[in-house]
Structures are given as C-alpha cells and as structure tokens.
1. Please identify the pairs in which a residue from the stretch 214-243 that is among the charged types (D, E, K, R) has its Cβ atom under 6 Å from the Cβ atom of a residue that is part of a strand (DSSP E or B), counting only partners at least 6 apart or on another chain.
2. Take Lys129 and decide whether it is at pLDDT 90 or above, more than 18 Å from Ile243 (Cα to Cα) and assigned to a strand (DSSP E or B).
3. Considering only the stretch 174-204, state which residues are within 15 Å of the chain's Cα centre (by Cα) and under 18 Å from Lys224 (Cβ atoms).
4. Can we say Ser117 is farther than 26 Å from Val52 by Cβ and either surrounded by 17 or more Cβ atoms within 10 Å (Cβ to Cβ) or polar (S, T, N, Q) (or both)?
5. With respect to the numbered conditions (1) part of a helix (DSSP H, G or I); (2) at pLDDT 95 or above, which one is the sole condition not fulfilled by Ser228?
6. Considering each residue of the stretch 154-209, count those that are surrounded by fewer than 21 Cβ atoms within 10 Å (Cβ to Cβ), of a type in the set (S, T, N, Q) and not in a strand (DSSP E or B), and give that number.
7. Would you tally the residues in the stretch 192-212 being touching an Asp or Glu at 6+ places or on another chain (Cβ under 7 Å), of a type outside the set (A, V, I, L, M) and under 26 Å from Gly50 (Cα atoms)?
8. What are the residues in the stretch 72-103 that are under 12 Å from the mean Cα position of the chain (by Cα) and under 22 Å from Ser233 (Cβ atoms), if any?
Amino acid sequence: MMYVNKKILYEKLFILLFVCIIILNGNIFCATTTNSTKSDIKINQSFNVGGVSIVIPAPTKEFVEIGYDNREILENILIPELYKLVCFFSLTNDLSLFDTNEEFLLVRYGLVNVLRSMEYIDCEEKDFKSLADGMEKLYPTFIQQAADKNVEYMNQKLKENYDDNYKMEKSVPLGIFFKKNDILGMGMISSIKNRNTITKLAVSSIMLRVRKRVICLNLYNEYKDTNSIIELSQLGEKWADTILNTNK
C-alpha cells in the first residue's frame with residue numbers, strides 16, 4: 001500500500017504528458033552512429049515498465065521501433081532524468097537515418113514515456129478515472145504553464161547539443177479530444193524554428209493505463225490544417241485501443 005498525494009500526482013502526470021509532447025518536439029535532431037538494420041526489426045515488442053512487461057505494437061505498419069542503442073542516444077541527449085523513454089517509433093524508411101553521422105530531421109514519429117517516480121505505482125481503474133477527472137479540471141491553466149516550462153527546458157537542451165539556430169516556439173494546447181476507460185487523449189500544435197524556417201507539428205498525446213501502469217503515448221506529424229489534428233487524434237485513439245487489447 002502506498003499513499004500518494006493526488007494533487008501532486010495530477011501535476012506530475014500533466015508534466016509527464018507535456019514533457020512527452022515537448023521533448024523531441026517538432027523535429028528530431030541527431031548525429032548518431034549505430035548498427036541498426038532491418039533484420040533487427042521486431043513486431044509487437046514488449047517493454048519493461050515498472051517491472052511489468054507491456055507489449056507495444058507500432059502505431060501502424062509504416063512504423064518500426066528504432067532499437068535500444070538509438071533510444072539510449074535520444075534519451076541521454078533530450079530527455080530529463082525524471083523520465084524514461086520506453087520506446088520510439090520512426091517510419092521504416094527513416095530508420096537508416098539513425099546509422100549516419102549527419103544531422104537529420106523527423107516530423108512523423110511516435111514515442112512512449114513514463115515518469116520514473118510513478119513507474120512502479122499500481123494504478124487501478126478507479127484511480128485512473130479519478131486522475132483523468134482531476135486532470136480535466138486542471139487542464140485550462142496548468143497545461144499551458146507546464147508546456148511553457150518545457151519549452152524553456154528544450155531550448156536550453158537544443159542550445160547545449162546543437163546551436164542557436166534551433167529554437168522552440170510557444171506551444172498551443174487544443175484541449176481534451178477523447179476520454180474513456182483507461183484512456184485520456186489530448187492535442188496540441190507545436191512548432192520549432194530552424195534558422196528562418198518554422199515547422200508546425202500536430203501532436204496527439206494520450207495518457208493510458210495498461211497492466212496497472214500509467215504511460216504516455218505521443219504521435220507527431222506535420223501540421224497543415226485542422227484535419228491534421230483530427231486524423232492524428234483518431235490514429236492515437238486507435239493505437240491506444242490496440243495496446244490495451246494486445247495486453248488483455
């Protein structure tokens with residue numbers, strides 16, 4: 001039995017969701033050398049979250065998990081120590097980019113994160129409902145504050161690891177898109193400035209309870225119009241449903 005202050009937990013979950021959104025936000029910048037090959041690709045891999053094995057399929061057949069070595073590089077460069085990058089999915093055709101020493105750009109990808117301090121906490125169905133209800137009430141004010149803090153963090157990391165040519169712009173939370181048993185889905189428009197070019201990205205962020213663990217799914221794609229958000233949100237909901245059904 002573990003006592004958890006619910007207000008603090010709500011805030012941690014909000015931070016988790018928006019670190020997931022802001023981290024690796026808009027674009028992935030990397031200069032890596034690894035040995036990932038298509039022969040390493042596995043379907044429906046399982047990942048350890050808080051001592052529990054969770055099967056996380058790719059969002060669609062177009063995506064593939066990038067592998068441990070590449071994941072470690074991304075986590076060490078861009079993700080705060082408070083968070084664990086569970087898995088990262090790129091388009092299959094983009095996987096070879098991780099084998100180069102050149103800086104490259106991704107605008108369509110998916111990832112799963114977990115807050116380390118919550119990783120081993122059992123979350124029952126009623127607990128998740130309480131958390132989701134509380135987050136829904138806190139959403140309008142707290143979410144922008146969390147997003148702003150993480151933009152500041154990411155700009156510092158970009159400056160340290162790359163140069164002043166990259167800068168994150170203010171993110172725009174769009175609200176809660178769907179809410180059902182064990183799932184809470186939100187949306188955001190985010191953008192990053194690369195020299196004189198600004199890239200806008202649609203983001204679907206989903207808090208998910210699976211096998212008594214709370215994880216955050218995030219999908220990204222280039223923002224073109226309102227349909228970009230709607231389509232990504234629908235894909236995110238389908239991905240969350242698939243993960244839940246796979247782990248029954």
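1. Glu237/Phe178; Glu237/Gly185
2. No, not satisfied.
3. Once the filter is applied, which keeps residues that are within 15 Å of the chain's Cα centre (by Cα) and under 18 Å from Lys224 (Cβ atoms), the stretch 174-204 yields Gly187, Met188, Ile189, Ser190, Leu201, Ala202, Val203, Ser204.
4. Considered against the rule, which asks whether it is farther than 26 Å from Val52 by Cβ and either surrounded by 17 or more Cβ atoms within 10 Å (Cβ to Cβ) or polar (S, T, N, Q) (or both), Ser117 comes out as no.
5. It is condition (2) that Ser228 fails.
6. Here the count works out to 6.
7. 2
8. Val86, Cys87, Phe88, Phe89
The values are calculated or read from the model by the stated rules, or taken from the named source; none is laboratory data. Everything numeric in this text was worked out from a predicted model, so none of it was measured. Glycine gets a Cβ as well: all are built from the backbone with ideal geometry, and neighbour counts include every protein chain shown.
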